[in-house]
Amino acid sequence: MSDGRPACACIICHDYGDRDRLDNFQLRTIVHITQYGWSVVLVPAGDSAPGWAYTIGLWHSHRSPELAMFGGDVYEMEEILNSLGRAVAEDSAPADGEQRDDVVRGRPAAFRSVDTRWYEGAFGGAVAFYRRPPLPFLQVVWPDQNGLYPWQPGTELPFRRAQPWLWLDPRQHPEGAWTHRLSAPATGA
């Protein structure tokens, strides 16, 4: 691009010869990104794990990392990701290792870079949209009621398992509901 930003390889910026075969999910995503600058994908909870939500379009529109949240109510996570998307649009993109106040229910959130080996299982819609990963993804991690993050001493085991630790190599992630659910591509996501 002439503005010095890295080129975007998404299906809006590049014609891969299959635009006439895009599905409803991809068409809706394009409409949302064109209107708002990003779209939020909701993956409902299943029998084996809570749901999650993630953005598509922040990289296309703002060259900001896409964002993902796990383990909460999908509609609340959608609201949080939209709020963060508005901040990105105002030139306030989060960075790996950053912590921001008042993000989740009046509490802070931390941002961690996602290992690319999780992308296919967790962010299939973004992979299909951008076609050429890796693109940057940050996990928005919320703390417990005491302000402790899952990796900090003093957190209880159920809370430690409420969110996946996607900054880890999948082989290093503790076995559990998240590794089972994210090891295969999610349907509809």
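The values are calculated or read from the model by the stated rules, or taken from the named source; none is laboratory data. Source: prediction; values computed, not measured. Cβ coordinates were reconstructed from backbone atoms using ideal geometry, including for glycine residues, and neighbour counts include every protein chain displayed.
Listed values, structure above:
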item: Within the stretch 32-47, tally of residues that are within 18 Å of His62 (Cβ to Cβ), free of Cβ contacts under 8 Å to residues at least 24 places away in the same chain and out of contact with any His (no Cβ under 7 Å at 6 or more places or on another chain); result: 2
item: Which listed residue is surrounded by fewer than 19 Cβ atoms within 10 Å (Cβ to Cβ), touching a strand residue (DSSP E or B) at 6+ places or on another chain (Cβ under 7 Å), within 25 Å of Ala45 (Cα to Cα) and among the acidic types (Asp, Glu), from Glu120, Glu78; result: Glu78
item: Single condition Leu168 does not satisfy, out of (1) assigned to a loop (DSSP other than H, G, I, E, B); (2) in contact with an Asp or Glu (Cβ under 8 Å, 6 or more places away or on another chain); (3) under 30 Å from Asp18 (Cα atoms); result: (3)
item: Complete set of residues in the stretch 129-149 that are touching a helix residue (DSSP H, G or I) at 6+ places or on another chain (Cβ under 8 Å) and either surrounded by 19 or more Cβ atoms within 10 Å (Cβ to Cβ) or among the aromatic types (Phe, Trp, Tyr) (or both); result: Phe129, Tyr130, Leu135, Phe137, Val140
item: Residue that is farthest from Val74 (Cα to Cα), among those in the stretch 119-153 that are in contact with a Leu (Cβ under 6 Å, 6 or more places away or on another chain) and modelled with pLDDT of 95 or more; result: Leu138
item: Number of positions in the stretch 105-143 that are in a loop (DSSP other than H, G, I, E, B) and in contact (Cβ under 8 Å) with a residue 40 or more places away in the chain; result: 8
item: Cross-chain or 6+ apart pairs with Cβ under 9 Å, the stretch 164-181 first and without any contact (Cβ under 8 Å) to a residue 12 or more places away in the chain, then surrounded by 13 or more Cβ atoms within 10 Å (Cβ to Cβ) and of a type outside the set (Asp, Glu); result: Arg171/Arg117; Gln172/Trp165; His173/Trp118; His173/Pro164; His173/Trp165; His173/Leu166; His173/Thr179; His173/Leu182
